[in-house]
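Visitor: I'd like to ask some things about the structure below.
The values are calculated or read from the model by the stated rules, or taken from the named source; none is laboratory data. Worth saying up front: this structure is predicted, and the values here are computed from it rather than measured. Positions of Cβ are generated from backbone atoms using ideal geometry, with glycine treated the same way; all protein chains shown enter the neighbour counts. Protein only, heavy atoms only, side chains kept; ligands, DNA and RNA dropped before computing areas. Shrake-Rupley method; radii C 1.70, N 1.55, O 1.52, S 1.80 Å.
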Amino acid sequence: MFNRFKLGRSLDEVSTYGCDLLLSELALAVCIQEGIDQRFHHLDTTSFSLSGEYAPESDEHVIIITHGYAKDHRPDLKQAVLELMVSQDGGVPLLSKSWDGNASETKVCQERAQTLMTTFKNSPSPRYVVADGKLYHKDNAKNLKALPFITRIPHTLKVVSQVMTQAVEIDTWHDVDEQMRYQCLEFCHFGIEQRWLVVHSEAAAWRAESSIRKAQPRAYEAIEKQLFHLQASRFDTPVAAHAALAPVAKTWKYHQVDSYELIEHKRYANKGRPRADTPCQAIAWQRQARVRPDAERMGYAKQLGACSVLGTNIEAAQLSDVEVIGGYKGQAKAEGGFRFLKDPLFFVSSLFVKKPCRIQGLLMVMTLALLVYSVAQRRLRHALARQNATIPNQINQPTSRPTLRWVCQMLEGIERVRMMVDGKVRELITGLNEVRIAILRLFGEQVCLVYQVPSG
């Protein structure tokens, strides 16, 4: 009975009820049941590329499937945008909302900030919104004043490079762990009293070094072209030749002048080959230069590339610097949720739904699948932590934080066999071994009953 017509009608009913409302109600019930910590709300957006023609509908609550900024790198396809907010505790979806395909991420963050102000104000426990640089915008400053936030300050702001330069020069870092350190400063920006944390990460330093290593040959080729055109010019004095090179060299990021020479070119009054007694009318100067990599500049660029700036208006007595950094690191939970939704194994790309309202319903159902997945994975990891136990990972090494996908792969091969014994139907579970039995026990007594495994 489950066919495409039943699926389509079910998605219509979900859309009529309200996709966002339905998921929020389910998520709230799950969070209460599972005791999920809801202090940190991680906000992010992504886009889903869609194929086919989607006729606009008259309902104002239905999204528009259209072209927009394609995070999937498929600008040729129309798309829909999905907003997702997850908890740091387990990456459980708290809410989701579908947007038009050309919706601005900045606009999405602004509207969500306005909604969260009331929600957080009425919450019995402190709650904070965590997002990337799209949340921190001048047009959103009014909302951020009344909203406890943690966000990455965009590098497009000039003050960010100034703050990072100051931090590198002062060099008074506080260690978070072996791989990360930070500096804190009080700052007022966009009219908001904030703490800005300049965070230096070894992982970011490695990425910056790799990026500089790739960019250096391209920069050298560009410099060679500049010097070629400069050497083709003639100058009246050596000072003028030197002055022409200085502004060009000032723009170089990773190179400096290694050596140079001035070549004089005499101009004679008469045409043709000059004789010994031909008077010299003027002297023109040509400058030839050679460059070499500047280790000091590259080292400084690496230091700046390893830094990022986090901003928050939460008081230090309420949330310490280290907790702020830990809160922002949880932003990976939202990104992990998007990886789950957009994974080819999820078969999202193979689904074709003609009506935009059904696209909204489908995105809600996909987010609901993420909710089930994240809760089950959280239960599994908490059970391993309580029992101080591990299971083998993909390379047969013990791990206490496996993914649920890997656990499901480990459970493949378990079968239920039905047989007739003395005229009665008996069921037998086959394919069990010690590792699979240990995994099934982690999920609780009800699962053990289904698989006929003693819960001991």
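Visitor: Would you please name the residue that is most open to solvent (accessible area, probe 1.4 Å), looking only at residues in the stretch 189-209 that are among the hydrophobic types (A, V, I, L, M, F, W, C) and over 15 Å from Thr151 (Cα atoms)? Working first, answer last.
Guide: Initial filter on the stretch 189-209 (among the hydrophobic types (A, V, I, L, M, F, W, C)): 190, 192, 196-199, 203-206, 208.
Subset that is over 15 Å from Thr151 (Cα atoms): 203-206, 208.
Numbers: Ala203: 54, Ala204: 15, Ala205: 7, Trp206: 169, Ala208: 15 Å².
If we take residues in the stretch 189-209 being among the hydrophobic types (A, V, I, L, M, F, W, C) and over 15 Å from Thr151 (Cα atoms), then Trp206 is most open to solvent (accessible area, probe 1.4 Å).
Visitor: Then there is this: Out of (1) without any contact (Cβ under 8 Å) to a residue 24 or more places away in the chain; (2) not in a helix (DSSP H, G or I), the odd one out for Gln194 is which?
Guide: (1)
Visitor: Let me ask another. Which one of the conditions (1) in contact (Cβ under 8 Å) with a residue 40 or more places away in the chain; (2) within 30 Å of Lys329 (Cβ to Cβ) does His242 fail to meet, given that it meets all the rest?
Guide: (2)
Visitor: Within the stretch 379-430, which residues are within 16 Å of Tyr451 (Cβ to Cβ), charged (D, E, K, R) and surrounded by fewer than 12 Cβ atoms within 10 Å (Cβ to Cβ)?
Guide: Within the stretch 379-430, Glu412, Glu415, Arg418, Arg426, Glu427 meet the criteria.
Visitor: Just name the residue that is surrounded by the most Cβ atoms within 10 Å (Cβ to Cβ) out of those in the stretch 165-182 that are in contact (Cβ under 8 Å) with a residue 60 or more places away in the chain and assigned to a strand (DSSP E or B). Walk me through it before giving the result.
Guide: Taking the stretch 165-182 first, the residues in contact (Cβ under 8 Å) with a residue 60 or more places away in the chain are 165, 167-168, 174, 176, 180, 182.
If we keep only those that are assigned to a strand (DSSP E or B) too, we end up with 174, 176, 180, 182.
Numbers: His174: 11, Val176: 18, Met180: 18, Tyr182: 22.
By that ranking, first place goes to Tyr182.
Visitor: To continue, here is another question. Can we say His155 is surrounded by 14 or more Cβ atoms within 10 Å (Cβ to Cβ) and in contact with a Pro (Cβ under 9 Å, 6 or more places away or on another chain)? Break it down into steps so the answer makes sense when it comes.
Guide: On the way: surrounded by 14 or more Cβ atoms within 10 Å (Cβ to Cβ): yes; in contact with a Pro (Cβ under 9 Å, 6 or more places away or on another chain): no.
No, not satisfied.
Visitor: How about the stretch 60-85: which of its residues are surrounded by 19 or more Cβ atoms within 10 Å (Cβ to Cβ) and among the acidic types (Asp, Glu)?
Guide: Within the stretch 60-85, Glu83 is the sole residue that qualifies.
Visitor: For the stretch 218-233, does any single residue satisfy the condition of being assigned to a helix (DSSP H, G or I), under 17 Å from Arg287 (Cα atoms), modelled with pLDDT of 85 or more and aromatic (Phe, Trp, Tyr)?
Guide: yes
Visitor: Still on this structure, I have one more. Do you know which residues across the stretch 213-235 are of a type in the set (S, T, N, Q) and either open to solvent by 80 Å² or more (accessible area, probe 1.4 Å) or under 36 Å from the mean Cα position of the chain (by Cα) (or both)? Working first, answer last.
Guide: From the stretch 213-235, those of a type in the set (S, T, N, Q) are 216, 226, 231, 233; that's our starting set.
Across the stretch 213-235, the qualifying residue is only Gln216.
Visitor: While we're on this one: So how many residues does the stretch 86-107 have that are buried (at least 21 other Cβ atoms within 10 Å of the Cβ) and in contact with a strand residue (DSSP E or B) (Cβ under 7 Å, 6 or more places away or on another chain)?
Guide: Number satisfying all stated conditions: 13.
Visitor: Would the stretch 6-16 turn up any residue that is over 22 Å from the mean Cα position of the chain (by Cα) and part of a loop (DSSP other than H, G, I, E, B)? Don't jump to the end; show me each part of the working.
Guide: Restricting attention to the stretch 6-16, the residues satisfying the condition of being over 22 Å from the mean Cα position of the chain (by Cα) are 6-16.
Narrowing the set further to residues that are part of a loop (DSSP other than H, G, I, E, B) leaves none.
So far as the stretch 6-16 goes, no, none of its residues is over 22 Å from the mean Cα position of the chain (by Cα) and part of a loop (DSSP other than H, G, I, E, B).
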